[in-house]
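Bear in mind these aren't lab numbers, they're just calculated from the coordinates by the rules spelled out. Since this is a predicted model, take the numbers as computed values, not measurements.
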Amino acid sequence: NPSPSSPVIFQSYGTGQATLSPGSTSLAGSTWCWISNSLSTFTVQNLNFTGPNQTTAVGGLFIYNTIQKDHHLPAFRLNNLTISNFGGNGIWIWGDDDGAGFDNFVIQNNTIHHCSGGGPASAGIQINGNGFGLGWTNPSFTTCSITNNLVHDIGLVGTAFPTVSVHGILIGQALNCNVTINDVSKTGLGNVDGGSGTTQPNGIWTYDSIG
């Protein structure tokens, strides 16, 4: 059985990054290149995820936990991935029920660019759960690391969202989540603030998080 010290590994065979494009798997009207539902102790590395365009609601990787409230799954790692040309999130980590989520995961050495042009509330890397306010719900994510990622050209100029909603890196409902040495630029493209018409770029944004 897989364990944090001996995970299941998904990667390219040989040298270089194998390219993966979205199939027909549909979730809430969106297609994803990679979906992981309530799995743990795995690594995805050395792969190239490429979408069809930046205007369709198609995302890169969607990793989520739907088991039950406050249930956390351990230890996955996303390393040395290239993710581009998606209208949705490049990477989305989600806890479906209040407090459900993941512990001790790592997102590092990835390049995410030209994503999040097809809909609101999206990001190059998005980590959040189905709950707001740590005063009444437990954190969905604990002791995670988002390190040494290159995130750029997130959002799409000419796509005017009704609220500030596109980000380079977005983190919510997290406890002790370490975000270091990330290069984030040209993000929030196309955002407008409450109909004022002014561009509001967001690089890295956290909410309802501690540490």
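For the reader, a short list of remarks on this structure follows.
- One chain, two ends: Ser5 and Ile210. Fully extended at 0.36 nm per residue, the span grows by 71.1 nm beyond their Cα-Cα distance.
- For the stretch 1-111, a Kirkwood hydrodynamic radius built from all Cα pairs, placed in the Stokes-Einstein relation at 10 °C and 1.306 mPa s, yields a translational diffusion coefficient of 110 µm²/s.
- Take every DSSP beta bridge whose two residues both sit in the stretch 1-97; close to 10 percent of them are antiparallel.
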